[in-house]
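Nothing in this text is a laboratory measurement; each read-out follows from the coordinates by a stated rule. Keep in mind the model is a prediction, meaning the values are calculated, not measured. For neighbour counting, all protein chains shown are included, and Cβ atoms are generated from backbone atoms with ideal geometry for every residue, glycine included.
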Amino acid sequence: MRGLWWVLATAALGAGCAASLRQAEADRALAQGLAAQARGDLDVAERAYRASLTMLPSSAAANNLGVVQVKRRDLRAALRWFSLAGGLDDGDLVPRVNLGVVLYHLGQTGDAADTLFAARRTRLETMEQIAPIGRINWDLDRYGSATAPADAVALRYLDRVMSTTAPPDPDAPEVLVARVLR
């Protein structure tokens, strides 16, 4: 009987190690993509993000593939990547804001406004859930700091949607690169 327990425990430990290894490899590929993108090497960045996404699907890798497509001025491809990223983690604000930005630049201002409003609402609701009453909460501060740039972009684009009837400038999408928070 002890032999069976040992086999089961070893198998469970091995599965946990394999998952951790897969996570580490996906994170390493994502970091390589971020470095390549910072150097302006979009081909290497795309390959690294795709490798990360293949190893372990994440909203960060899918989002950053969308950013690569924006830099290549392929907004339709970017739209698909941002949609996928939002589907992988509906709580991740960055791809949802980026989706709204791309919709805006494709001239779909109504859909852009809906997407950006929803992203800002999710941020506020998440912050309300994190915040305990009457004490300092480091998680709230960390989340608020991490999501503030996305919220600022969303607000700027909502202002554009609400204040202009002129068509959007197709050459200036302001999208955000996703970084993993642990």
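Looking at the calculated P(r) for region 31-165, what percent of the C-alpha pair distances fall above 19 Å?
53
Determine the dipole magnitude for region 99-149: charges of +1 sit on the beta-carbon of Lys and Arg, -1 on that of Asp and Glu, nothing else is charged, the reference point is the Cα centre, and the result goes in debye to the nearest 20.
It works out to roughly 120 debye.
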